[in-house]
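Let me begin by presenting the structure, written as structure tokens, before commenting on it.
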Amino acid sequence: MRFELPTAMLSVLLLGSACIVEAPGGASADERRAVTVKEVPALSVRNGANLGGKVELTAASVEPGRLTPGSRAQVTLYFKVLQPLDEDYHVFVHVEDVGGRMERMNMDHPPAGGRLPTSQWKPGEVVKDEFSIYLPADATAKALNIWLGMWDPKTDSRLSLTNPDAVRNDGRNRILLAQVPVAQ
């Protein structure tokens, strides 16, 4: 004996108590303002790279979080001092096109704008270091890698990355801080 259900009853059994609601017709002006932004916000990164057991790069931000050719981004680094430093190290910064289409930019500098040499850093302090990245107007990069570390300009030696398994790096004591997208 074969039993057949009417189509309407079958629909109720298959859908259960589901309710079909019509999609909204569009966002109001207030709703649109609440979910749109005028520019890409800062790219914030927690890091934890330990340099020579003396300094930890705890966090950083890149603002804005996306560049366009001819624009600048402000980079802010936060270094926690773990042990006294005997030398005056500089921050080395290498900005490279992920596609290899442009020459590497070097933005090496004394940290904290040179106002507080590393030989004066005290354990427990967090030192803020800020610098800018400028992307030339004719750049064709799709994204930029920001590599950094600390080095002694007198001896041309880098502080060793003591926890390479914990952070992205290239095996040459360079930390990959961030990859910043470039809008064309």
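The values are calculated or read from the model by the stated rules, or taken from the named source; none is laboratory data. Owing to the predicted nature of the structure, the values given are computational and were not obtained by experimental measurement. Here the Cβ is made from the backbone with ideal geometry for all residues, glycine too, and neighbour counts use every protein chain on show. Note: accessible area is taken over every heavy atom of the protein model, side chains too, but ligands, DNA and RNA are not part of it. Shrake-Rupley method; radii C 1.70, N 1.55, O 1.52, S 1.80 Å.
A few remarks follow.
- Of all residues in the range 166-176 being assigned to a strand (DSSP E or B) and hydrophobic (A, V, I, L, M, F, W, C), the one that is surrounded by the most Cβ atoms within 10 Å (Cβ to Cβ): Ile175
- Residue in the range 111-125 that is more than 20 Å from Gly65 (Cα to Cα), aromatic (Phe, Trp, Tyr), open to solvent by less than 40 Å² (accessible area, probe 1.4 Å) and touching a strand residue (DSSP E or B) at 6+ places or on another chain (Cβ under 8 Å) present: yes
- Considered as a group, the residues in the range 90-147 that are acidic (Asp, Glu) and part of a strand (DSSP E or B) include one that is nearest to Arg174 (Cα to Cα), and that residue is Glu96.
- Matching option when the condition is of a type in the set (Ser, Thr, Tyr), closer than 19 Å to Val55 by Cα and in contact (Cβ under 8 Å) with a residue 60 or more places away in the chain, among Ser160, Ser132, Ser119: Ser160
- Total residues in the range 128-138 satisfying the condition of being open to solvent by 10 Å² or more (accessible area, probe 1.4 Å) and hydrophobic (A, V, I, L, M, F, W, C): the figure is 2.
- The residue list Gln179, Gln184 contains one member that is open to solvent by 60 Å² or more (accessible area, probe 1.4 Å), under 16 Å from Ser61 (Cα atoms) and either in contact (Cβ under 8 Å) with a residue 60 or more places away in the chain or part of a strand (DSSP E or B) (or both), which is Gln179.
- Of everything listed in (1) farther than 23 Å from Gln74 by Cα; (2) more than 17 Å from the chain's Cα centre (by Cα); (3) modelled with pLDDT of 95 or more, the single unmet condition for Gln120 is (3).
- Qualifying residue in the range 149-157 (condition: open to solvent by less than 30 Å² (accessible area, probe 1.4 Å) and not in a strand (DSSP E or B)): no
- Qualifying residue in the range 51-58 (condition: buried (at least 16 other Cβ atoms within 10 Å of the Cβ) and at pLDDT below 95): no
- If you go through the range 86-101 and keep only what is open to solvent by less than 50 Å² (accessible area, probe 1.4 Å) and farther than 20 Å from Ala59 by Cα, you end up with Glu96, Asp97, Gly99.
- Screening Arg72 with (1) at pLDDT below 95; (2) open to solvent by 60 Å² or more (accessible area, probe 1.4 Å) gives one miss only, at (1).
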